[in-house]
């Protein structure tokens, strides 16, 4: 592998696999990637598969592995310090994304009825730990959190830790919509979308209802998003065929110092998803001319304020709406919220709750 590491991918699950396989198939210039995790057999396979795909597609990408327990802070600090990657892609989580389509136990029922923010603590733990390790190295590096970034990136930022953006969610819809209209001009379609706006597009067009993303074609906002994109339907399962690769062009641009235009969730710790541009090494919002930054942020923030998880300027984390009500039924203490500095202890309490609910029938 080259001396310089361009991208460090943390995690060996299906989402990480999608990313490394698409990096292998699309890199147009030499790029060095390392995949890190605990499972040696899985790491070996991902390295083999990614290098094979690079050869298959004639791409100048090279892949290696790093064996590490991401829960051990000093080991993560050492890994980042030694590799000094330009981009870190954090895709390891203690909550499987398949929970959105799981059925049968009381935990999956809670998530389905109250929303994915019920899993935010599980999604946030490893990502905040990696961000803390990155901070402690003092290395200037783009940090991409793949784990529920619409909400978790705000938690990372509230802990005063580095985070550049996430992948997926808004990019699922923006790319699906652009594909439906056969738009190939990056930036011609712009949208605001919180993760909660994806759910209606998992339903048949005739029964769609609920929150709708805001979409602009050029400078004109689409008046009836459900009607214009009636043919777009998202799979009930995690849509990693779109969400995983959605971040790949940005990762490659970051590694090379190139420019990029598209959509990302959680840019610089903001709630929800936005159109964005990466240029001169900085990721910034790329809003339609008629939309003010404060309006865009407030629009996204309202989703979690109505039902979900919010974090205040003082680091206080609060549950709201149906999520708070459902959580209160099974754990009054957890439903009160917590301070971001107490994430580690809250994780243990939430893990106990999840274990108890997973052992119960959904009935």
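For the options 206, 124, 17, a Gaussian network treatment of the chain with springs between C-alpha atoms closer than 10 Å singles out 206 as fluctuating the most. Multiplying each eigenvalue of the alpha-carbon gyration tensor of region 116-266 by 5 and taking the square root yields semi-axes of 29, 19, 12 Å, largest first, rounded to whole angstroms. The reciprocal of the average 1/r between distinct C-alpha atoms defines the Kirkwood hydrodynamic radius, which for region 263-313 equals 11.8 Å. Descending by average beta-carbon neighbour count within 10 Å, the peptides 250-260, 178-188 line up as 250-260, 178-188, the highest first. Per the Debye calculation on region 256-363 with a single equal scatterer at every Cα and no solvent contribution, log₁₀ I(q)/I(0) for q = 0.16, 0.19 Å⁻¹ amounts to -0.86, -1.00. Every helix of 4 or more DSSP H residues in the chain counts as -39500 (n - 2.57), and over all residues that averages to -12500 deg cm²/dmol at 222 nm.
Protection proxy ranking, highest mean first, for peptides 165-177, 318-330: 165-177, 318-330, where packing is the per-residue count of other beta-carbon atoms within 10 Å, averaged. Computed extension length for residue 235-residue 358: 41.9 nm, one decimal, from 0.36 nm per residue of separation with the Cα-Cα distance subtracted.
Each of 314, 150 was scored by other Cβ atoms within 10 Å of its Cβ. Arranged with the fewest first, they read 314, 150. Extension gain, residue 282 to residue 72: 0.36 nm times the residue separation minus the Cα-Cα distance gives 72.6 nm.
Given R0 = 25 Å, the distance between the Cβ atoms of residue 339 and residue 105 translates into a calculated FRET efficiency of 0.25.
The length gained by stretching the chain between residue 40 and residue 180 to full extension, at 0.36 nm per residue less their Cα-Cα distance, is 46.4 nm.
Rg ratio for region 1-65: its Cα radius of gyration over 2.2 N^0.38 Å, N being its residue count, equals 0.98. With the convex hull drawn around the C-alpha atoms of region 193-246, the volume per residue stands at 96 Å³. The distance separating the Cα centre of region 121-164 from that of region 174-250 comes to 26 Å.
Let me know the shape class of region 1-127, please: from the alpha-carbon gyration tensor, a ≥ b ≥ c as square roots of the eigenvalues, rounded when a/c is under 1.5, otherwise prolate if a/b is greater than b/c, or oblate. Prolate, since a/c reaches 1.5 and a/b exceeds b/c. Highest GNM mean-square fluctuation among 130, 222, 62, for the chain modelled with Cα contacts below 10 Å: 222. Most simply put, the chain has about 55% antiparallel DSSP beta bridges, counting only bridges with both residues inside it. Once both labels are positioned 7 Å from their Cα atoms along Cα-to-Cβ, the gap between residue 220 and residue 328 label points is 4.7 nm.
Read-outs throughout are calculated quantities, based only on the coordinates presented, and are distinct from any laboratory measurement. Predicted model, so just to flag it, every value in this text is computed and none were measured. So basically every Cβ, Gly included, is an ideal-geometry build from the backbone, and we count neighbours across all protein chains shown.
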